[in-house]
Amino acid sequence: MYMKLLGALLCALSLSMSPVLAEGVRVVATTSFVFDVVRSIGGEHVELQLLIPIGTDPHAFEPSAADAARISRAQVVFAVGAHLEEGLDQVLDAVGAHVVWLAEFVPLLRFEQGHHHHDDDHDHDHHHDHNGDTHGHGHDHHHHGEYDPHVWLDPTRVSLWTHVIERTLSEIDPAHAEAYAQNAAAYREELAQLDAWIADQLRSVPQEHRRLVSDHHVLGYFAHRYGFEVEGAVMPGLSTLAEPSARELAELMETVRELDIRAVFVSTTVNPQLAEQVGRDTGTQIVRLFTESLSEPGGPAPSYIELMRYNVIAIVAALGS
């Protein structure tokens, strides 16, 4: 499979040597929410391409030869890392891409056997080389063990991303460093307002209902930031690729009944069939959230900030008094 993809990549590259008409820093973003954050900072000075299509599960994404060619032409690739986009590892290595693994620049939550632990306050300085570049070297994103990659569901951690994105773009394109700095500062203010709005909205959810069950363990950072407990997941790991056993499913249903769980939250990128089985057997509603992809531009969550607003309104509607 790998050699076949590599051969197709070389073919695609030979067909793609025509001049690039668009100007600006050539950037690839792996996911739609990373794309939106980079777009907010880079503005008109970046030629930005999305790798994982809207509505696609990033855990399960496998790149095509055309995707590999797109990566090879980029001056920088912004990815979440921490095992989110595992299907990209071989291609990123093969083309020698300059990758910024954004998860390396925020405190990560350790995840063990279905439970989240406190932030890992690891030192990020080793991700900067002697020239001050802010890219991850090799695969440092694999060295932390089992950490939750879903950091973007806490806007205060996305705020930390903005510094890395700004710095990286400024290193590649110093002529527009001031514009990147201004855009990043303005976006951080929007994120601070979003964080305050979320906290305010969630005040209507009583303590006894601040219990979250989701399709996979995607809501850990949201729960950690806003005072919720993650009680379980249909797929018992950090990835949507984990299959629950009959026993694990039965235990989850027992938890849902015992704790009077009000809703099972399911990502729009995930097949809801298993969650719907849990819902039917426990009488619990299924609520769809935009957790791992934005909506299409005309949909209810076309930007990162609107994604968070949509999810909070849905959570309050399901769990609020």
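The values are calculated or read from the model by the stated rules, or taken from the named source; none is laboratory data. On a predicted model such as this, the values are computed, not experimentally measured, just so you know. All Cβ positions, even for glycine, are placed from backbone atoms using ideal geometry, and neighbour counts span all protein chains on display. Keep in mind that these areas ignore ligands, DNA and RNA; they rest on the heavy atoms of the full protein, side chains included. Shrake-Rupley method; radii C 1.70, N 1.55, O 1.52, S 1.80 Å.
Scan segment 252-260 and give yes if some residue there is farther than 19 Å from residue 110 by Cα, open to solvent by 30 Å² or more (accessible area, probe 1.4 Å), assigned to a helix (DSSP H, G or I) and β-branched (Val, Ile, Thr), otherwise no.
Yes, there is a match, as at least one residue in segment 252-260 is farther than 19 Å from residue 110 by Cα, open to solvent by 30 Å² or more (accessible area, probe 1.4 Å), assigned to a helix (DSSP H, G or I) and β-branched (Val, Ile, Thr).
Give me the residue from segment 280-318 that is of a type in the set (D, E, K, R) and either at pLDDT below 95 or in a loop (DSSP other than H, G, I, E, B) (or both) and, out of that set, most open to solvent (accessible area, probe 1.4 Å).
Among residues in segment 280-318 that are of a type in the set (D, E, K, R) and either at pLDDT below 95 or in a loop (DSSP other than H, G, I, E, B) (or both), the one most open to solvent (accessible area, probe 1.4 Å) is 296.
Specify which of the listed residues (206, 174) is open to solvent by 10 Å² or more (accessible area, probe 1.4 Å), more than 26 Å from residue 83 (Cβ to Cβ) and touching a residue at least 40 places away in the same chain (Cβ under 8 Å).
It is 206.
Based on what the data block shows, is residue 222 at pLDDT 95 or above, closer than 20 Å to residue 308 by Cβ and out of contact with any strand residue (DSSP E or B) (no Cβ under 6 Å at 6 or more places or on another chain)?
Taking the combined requirement at face value, the residue satisfies it.
List pairs: first in segment 221-241 and acidic (Asp, Glu), second assigned to a strand (DSSP E or B) and open to solvent by 20 Å² or more (accessible area, probe 1.4 Å), Cβ under 8 Å, 6+ apart or cross-chain?
From residues that are acidic (Asp, Glu), the pairs are 229/211; 231/211.
Please enumerate the residues belonging to segment 185-195 that are open to solvent by 60 Å² or more (accessible area, probe 1.4 Å) and not polar (S, T, N, Q).
Once the filter is applied, which keeps residues that are open to solvent by 60 Å² or more (accessible area, probe 1.4 Å) and not polar (S, T, N, Q), segment 185-195 yields 189, 190.
Give me the pairs, please: first residue somewhere in segment 39-53 and buried (at least 24 other Cβ atoms within 10 Å of the Cβ), second residue anywhere and outside any loop (DSSP other than H, G, I, E, B) and of a type in the set (A, V, I, L, M, F, W, C), beta-carbon distance under 6 Å, and either six or more positions apart or on two chains.
What qualifies is 41/165; 41/184; 42/169; 46/25; 46/27; 51/28.
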